[in-house]
Amino acid sequence: MSAFLDISHIDMVFPTPTGDFTALKGVDLQIKKGEFVSLIGHSGCGKSTVLNVVAGLYQATTGGVILNNREVREPGPERAVVFQNHSLLPWLTSYQNVELAVKQVFGNKMNKAETKEWIEHNLKLVHMDHAMHKRPNEISGGMKQRVGIARALAMQPEVLLMDEPFGALDALTRAHMQDSLMEIQNELNNTVIMITHDVDEAVLLSDRIVMMTNGPSATIGEILDVELERPRDRLSLAKDIEYNRLRAEVLTFLYEKQRKVENISSKKTATTAKKATA
Amino acid sequence: MTTIINKLPITTPSVVSLKNFISSISKVLILPFIGITLFLMFWTVAAQNINTSLGKFPGPQAVYEQFHSLYGEHTAERAKAEKFYERQEVRNAARLEADPTYNAKVRNYTGKETFFDQILTSLVTVTSGFLLAAMIAIPLGIAMGLNRHLNAAVNPIVQIFKPVSPLAWLPLITMVVSALYVSDDPMVSKSFLNSLLTVTLCSLWPMVINTSIGVSSLDQDLKNVSRVLRLPMLKHIQKIVLPASIPMIFTGMRLSFGVAWMVLIAAEMLAQNPGLGKFVWDEFQNGSSDSLARIMAAVIVIGFIGFLLDRGMLQLQRMASWDKSATTV
């Protein structure tokens, strides 16, 4: 059986004024339907680039992405993206932001009442029904991110792509959002690729953790299966032996095997890589 | 004495709020009042020491008197016009009575424009010229903002024409209008068209530049949202590009309207369009002892109208913009 989402031998080369910059080299990953996969790695290693290739926002230089037996050639709502800084349209209310997506995706399949119901259903799912008619500047960062997730979920994507969705939030809000996400995932069982910096977040949420090596020419270093039982509870897991073993593995990968050597020349490459992936 | 003051039921917060009140009053009223008074004093003194061939330079008093006489002339002219129409009506009624087949002619009063008529003409001209400019500049700016290649092609032209003075355009426009605008029954006069087109040509550029910058600086994330949703081009412009660049577009429009008003006065002087510019020019040519005071009155009116137009645009911007923070003065 072929995988639901096949990221097949991707190379990504960005032309720069000082010559070509190889961001990704031979990234190869197969994801099953309903699987929650985290991408973790140091900043500038090309995690976002992988996600953008899957989203279709970038075209891989060689290799390609096959979703549900169709090749990905351009962005589309079946691969909804939750962006790092919410990316809500600031002049629209939460409701209208979701509405724009729903109308575009289901415009001729839903009538007015169904559309309204579907928008409200998705906002309820992320516990934002109380602030549906507020604009992004009237709600907190966590709430904005919730609306961003509602907008993505409302497209009924085949794969949900999340680019450090909770990276800009404070620790408490982040924990809250992670619980919400697990709750939603329990209900919908979406296929998810999530980029994260946060080791605990990766272990808590994922079925598999994909650890990436440092760029340039970043690729997949190790893949860790997380076989903790669901539903997961952060408090009881804190003392769980398996949880701590997984956590230690990721930490070992990041801080021993792929430790960033901080000298001036590597910093330079890191910044160029960042620019290229930005 | 101090004991009495201490016994007064003044609590500290009310003293603080009184202080705030006084300081805000002084900001809004007292300081501007002082500024204006000092300016008027300086003006009076300076005016007395400037002798021109048309007499002393007018001080505030002389200008104030001219405002009165301008208003008097206006009401007198209006009364004359009314009487003219009354007479005409009576005459026509009489002739109709004598001969029912008579086709009554209604002639327009052709008295000279008063100062206030000229203000109105100026406002009509500047608004028409500005609206024409907006109709060209905003779509062009959006197209330039969306398309880097178009921007690279058009930008040099914009940059070169932007600093051109209206006085340089006017002769060209005059000649082109008289060559192309030939009609037995013209809808508008040539002088009106000349001033209007000059205003358009000069107020085009700030709007083009601001609109294109506003559109091209659209957040990459919002562009990505649009791409993920696969919004068609027109919907992308309508739902994402336009609302996002409204603050910049309005900033451009405000700048342009300011330019338009400045340009208009110069254009009217030379095009002899019956507006404030022509008023200034006519008074200058007239050269009576009141002329300078009347011109100074016009200067003040021009300044006031410019200020009000800008405030009006700001209000419009506040109403149209979602980003209230972008519209602080």
Exercise for review: Go through (1) closer than 20 Å to B:SER128 by Cβ; (2) within 14 Å of chain A (Cβ to nearest Cβ) one by one and return the number of the condition B:ALA271 breaks.
Suggested key: (2)
Check your understanding: Has segment A:7-15 got at least one residue that is more than 15 Å from the chain's Cα centre (by Cα), acidic (Asp, Glu), outside the structural domain of A:ILE220 (by TED's automatic domain parsing) and crowded, with 16+ Cβ neighbours inside 10 Å?
Key -> yes
Review point. Does B:ALA137 satisfy the criteria of being modelled with pLDDT of 95 or more, touching a Cys at 6+ places or on another chain (Cβ under 9 Å) and crowded, with 23+ Cβ neighbours inside 10 Å?
Key: no
**Study point:** In segment B:280-299, residue nearest to B:VAL241 (Cα to Cα) [restricted to those that are out of contact with any strand residue (DSSP E or B) (no Cβ under 7 Å at 6 or more places or on another chain) and exposed (fewer than 15 other Cβ atoms within 10 Å of the Cβ)]
**Key:** B:VAL299
Review point. Quick check: anything in segment A:41-56 within 10 Å of another protein chain (Cβ to nearest Cβ), of a type in the set (D, E, K, R) and on the phi < 0 side of the Ramachandran plot?
Key: no
Practice item. Kindly list the number of the only condition in (1) within 14 Å of chain A (Cβ to nearest Cβ); (2) surrounded by 16 or more Cβ atoms within 10 Å (Cβ to Cβ) that fails for B:SER191. Key: (1)
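Being without any contact (Cβ under 8 Å) to a residue 60 or more places away in the chain and aromatic (Phe, Trp, Tyr): is that true of B:PHE304 here?
Values: without any contact (Cβ under 8 Å) to a residue 60 or more places away in the chain: yes; aromatic (Phe, Trp, Tyr): yes.
When the stated conditions are applied, B:PHE304 passes them.
Would you pick out the residues in segment B:179-210 that are of a type outside the set (Val, Ile, Thr) and either in a loop (DSSP other than H, G, I, E, B) or free of Cβ contacts under 8 Å to residues at least 24 places away in the same chain (or both)?
As a first pass, look at segment B:179-210 and keep what is of a type outside the set (Val, Ile, Thr): B:179-181, B:183-187, B:189-197, B:201-207, B:210.
Answer for segment B:179-210, where residues must be of a type outside the set (Val, Ile, Thr) and either in a loop (DSSP other than H, G, I, E, B) or free of Cβ contacts under 8 Å to residues at least 24 places away in the same chain (or both): B:ALA179, B:LEU180, B:TYR181, B:SER183, B:ASP184, B:ASP185, B:PRO186, B:MET187, B:SER189, B:LYS190, B:LEU193.
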Practice item. Determine which member of the set B:GLU82, B:GLU65, B:GLU73, B:GLU97 is among the charged types (D, E, K, R) and modelled with pLDDT of 90 or more. Key: B:GLU65
Practice item. Quick one: which helices (runs of 4 or more DSSP H) lie wholly within segment A:134-248 and hold at least 3 residues that are in contact (Cβ under 8 Å) with a residue 40 or more places away in the chain, within 26 Å of A:VAL50 (Cα to Cα) and within 14 Å of another protein chain (Cβ to nearest Cβ)? Key: A:141-154
Check your understanding: Considering segment B:106-127 alone, what residues qualify as being over 17 Å from B:ALA267 (Cα atoms) and not in a loop (DSSP other than H, G, I, E, B)?
Key -> B:PHE115, B:PHE116, B:ASP117
**Study point:** Options A:ASN111, A:ASN97; residue that is at pLDDT 90 or above and surrounded by fewer than 16 Cβ atoms within 10 Å (Cβ to Cβ)
**Key:** A:ASN111
Review point. Restricting to segment A:74-89, what's the tally of residues that are touching a strand residue (DSSP E or B) at 6+ places or on another chain (Cβ under 6 Å), at the interface with chain B (Cβ under 7 Å from one of its Cβ atoms) and either of a type in the set (Lys, Arg) or assigned to a loop (DSSP other than H, G, I, E, B) (or both)?
Key: 1
Point to revise | Filter result (of a type in the set (Ser, Thr, Tyr) and either more than 11 Å from B:SER321 (Cβ to Cβ) or outside any helix (DSSP H, G or I) (or both)) within segment B:242-259 | key: B:SER256
Practice item. Give the residues of segment B:218-241 that are under 33 Å from the mean Cα position of the chain (by Cα) and facing chain A (nearest Cβ under 10 Å), sorted by residue number. Key: B:LYS239, B:ILE240
Point to revise | Number of the exception - A:ALA3 against (1) assigned by TED's automatic domain parsing to the domain that holds A:GLY221; (2) farther than 25 Å from A:PHE83 by Cβ; (3) hydrophobic (A, V, I, L, M, F, W, C) | key: (1)
Practice item. Might you let me know whether segment A:68-88 holds any residue that is of a type in the set (A, V, I, L, M), buried (at least 21 other Cβ atoms within 10 Å of the Cβ), out of contact with any His (no Cβ under 8 Å at 6 or more places or on another chain) and free of Cβ contacts under 8 Å to residues at least 60 places away in the same chain? Key: yes
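Looking at this structure, is A:ALA175 under 17 Å from A:VAL126 (Cβ atoms) and either surrounded by fewer than 18 Cβ atoms within 10 Å (Cβ to Cβ) or β-branched (Val, Ile, Thr) (or both)? Working first, answer last.
Working: under 17 Å from A:VAL126 (Cβ atoms): yes; either surrounded by fewer than 18 Cβ atoms within 10 Å (Cβ to Cβ) or β-branched (Val, Ile, Thr) (or both): yes.
In short, yes.
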Point to revise | Pick from segment A:6-40, criterion in contact with a strand residue (DSSP E or B) (Cβ under 8 Å, 6 or more places away or on another chain) and in a loop (DSSP other than H, G, I, E, B), ranking: farthest from the other protein chains (Cβ to nearest Cβ) | key: A:LYS32
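The values are calculated or read from the model by the stated rules, or taken from the named source; none is laboratory data. The structure presented is a predicted model; accordingly, all values stated were derived computationally and were not measured. Neighbour counts run over all protein chains shown; Cβ positions are idealised from the backbone, glycine included.
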